[in-house]
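Reading through the structure tokens given below for one structure.
The values are calculated or read from the model by the stated rules, or taken from the named source; none is laboratory data. Predicted model, so just to flag it, every value in this text is computed and none were measured. Every residue, glycine among them, receives a Cβ derived from its backbone with ideal geometry; neighbour counts consider all protein chains shown. All accessible areas refer to the heavy atoms of the entire protein, side chains included, with ligands and DNA or RNA removed. Shrake-Rupley method; radii C 1.70, N 1.55, O 1.52, S 1.80 Å.
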Amino acid sequence: MGKLIKKSRLLNTPPGTMIYEGGSTSNKVKITVFDYDAGHFTETVVDDVEQCFTYKDKPTVTWINVDGLTRMDILEKLSHCYQLHHLVLEDILNINQRPKAEDFESYFYIVSKMVSMEEIKDEVNEEQVSILLGSNFVITFQEEKEGDVFDAIRQRIRKDQGRIRKMGADYLAYRLLDAIVDNYFIVLEKIGGKIETIEGSLLVEPNTGIVHTISALKRNLIFLRKSVWPLREVIRTVTQTDSPLIRPETLVYFRDIHDHAIQAVDTIEAFRDTASSMLDVYLSSMNHRLNEVMKVLTIIATIFMPLTFITGLYGMNFNTHASPYNMPELNWYYGYPFVLGTMVLVVSGMLYYFKRKGWF
């Protein structure tokens, strides 16, 4: 589930050291450039990152999307062209970075987490997305080369749908963050369906497998919370900025994302409470079943206690010829049927008493 945080490679290294902390070792990097305004649009997959530099001073909005973080030379060239701080490059490569937002005056640096649900393993995975917002450009960095939540945005740019081609780079950054936050609700919907399934199983036939399922569910929710909770503070930081990179008319959209992020956090907390309560229900159900079993066993043991006493008493075999008081029933013609009848009456009386008490 997700990626383990490994910081050992960054220990004792100077600030700004560029070390990729991801698991992918492929050197293949895909760079896609969207350049647009209200009147025109171009989409280009470039082979050389230097082809992106011609868009820097254009009045149009440019979106440079870099899929793959293993090519340090690409990051260094982009850093030189757009005057990126060396600590920003370090954070881009450190894919275990906590979501955050930093204002560098000439650009905004935003770190967020894009999550997905792996259906087969039933695990929540995350991918770090770094967003650089400038006056007329947005640069995004992703670790994986296939699959993200930005396809709908690409289609809107291509087909000139909505207001995205009429707005600036800050609006594009808003749409990217909005797509990331909206995807949280898709994952939460799948988790909600899983919770309903578990609740149904708890009521019908609880078993030990449900405990493992609930534990995995709680781990997924904790993992998801670690991605969503700090993002809420990130977006609030953006909404409270006075940077000229984000226009006042765009701030209202970022505040809307902030509300969505709060809603996602509230949903996660509600699901966590539900998961905890389901575990309590399971334990209570198992305790109830154990109590029922113990009650039956106790009743059986209680019933056999007087029978054991009677059979033990008549198993002493005192000599009746030595004394008339030594078990005269042994010489009685109806002695054995009498003892059996007594035992039947004792059992019947105890069962009637237990029934009246409601013990079974």
Residue under question is Arg272, and the condition is that it be in contact with a His (Cβ under 8 Å, 6 or more places away or on another chain) and in a helix (DSSP H, G or I); does it hold?
no
Residue list for the stretch 298-327, restricted to those being farther than 24 Å from Trp359 by Cβ and open to solvent by less than 70 Å² (accessible area, probe 1.4 Å):
Gly312, Leu313, Tyr314, Gly315, Thr320, Ser323, Asn326, Met327
Identify all residues within the stretch 49-77 that are in contact (Cβ under 8 Å) with a residue 40 or more places away in the chain and loosely packed, with under 15 Cβ neighbours inside 10 Å; write none if there are none.
Lys56, Lys58, Pro59, Met72
Condition first: open to solvent by 50 Å² or more (accessible area, probe 1.4 Å) and touching a residue at least 24 places away in the same chain (Cβ under 8 Å). Now tell me which residues in the stretch 234-243 satisfy that.
Thr237
Give just the number: which of (1) at pLDDT below 90; (2) part of a loop (DSSP other than H, G, I, E, B); (3) at negative phi does Gly162 not satisfy?
(3)
Number of the exception - Arg247 against (1) exposed (fewer than 15 other Cβ atoms within 10 Å of the Cβ); (2) out of contact with any Asp or Glu (no Cβ under 9 Å at 6 or more places or on another chain); (3) more than 26 Å from Met117 (Cα to Cα):
(2)
Selected residue [outside any loop (DSSP other than H, G, I, E, B), acidic (Asp, Glu) and either open to solvent by less than 30 Å² (accessible area, probe 1.4 Å) or closer than 22 Å to Ile191 by Cα (or both)] from Asp280, Asp256
Asp280
Outside any strand (DSSP E or B), crowded, with 19+ Cβ neighbours inside 10 Å and among the polar types (S, T, N, Q) - does that describe any residue in the stretch 89-107?
yes
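Quickly run through the stretch 216-233 and pick out the residues that are open to solvent by less than 50 Å² (accessible area, probe 1.4 Å), of a type outside the set (Ser, Thr, Tyr) and under 25 Å from Gly134 (Cα atoms). Explain how you work it out, then say what you get.
Residues of the stretch 216-233 open to solvent by less than 50 Å² (accessible area, probe 1.4 Å): 216-217, 220-221, 223-224, 227-228, 230-232.
Then keep just the ones that are of a type outside the set (Ser, Thr, Tyr); that gives 216-217, 220-221, 223-224, 228, 230-232.
Across the stretch 216-233, the qualifying residues are Val228, Pro230, Leu231, Arg232.
In this structure, is Lys77 over 20 Å from Tyr171 (Cβ atoms) and at pLDDT 90 or above?
Judged against the criteria, Lys77 is a match.
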Residue that is at pLDDT 90 or above and small (Gly, Ala, Ser), where the choices are Ser116, Ser135:
Ser135
Among the residues of the stretch 78-121, the number that are within 30 Å of Asn220 (Cβ to Cβ) and of a type in the set (Gly, Ala, Ser) is 3
Going through the stretch 195-215 one residue at a time, which ones are open to solvent by 70 Å² or more (accessible area, probe 1.4 Å) and either in a helix (DSSP H, G or I) or modelled with pLDDT of 80 or more (or both)?
Glu196, Thr197, Glu199, Leu203, Val204, Thr208, His212
Among (1) touching a helix residue (DSSP H, G or I) at 6+ places or on another chain (Cβ under 6 Å); (2) under 20 Å from Phe137 (Cβ atoms), the one test that Gln83 misses:
(1)
Out of all the residues in the stretch 115-127, is one or more among the hydroxyl-bearing types (Ser, Thr, Tyr) and either surrounded by fewer than 17 Cβ atoms within 10 Å (Cβ to Cβ) or over 24 Å from the mean Cα position of the chain (by Cα) (or both)?
no
Within the stretch 137-182, count every residue that is touching a residue at least 24 places away in the same chain (Cβ under 8 Å), of a type outside the set (Asp, Glu) and surrounded by fewer than 17 Cβ atoms within 10 Å (Cβ to Cβ).
6
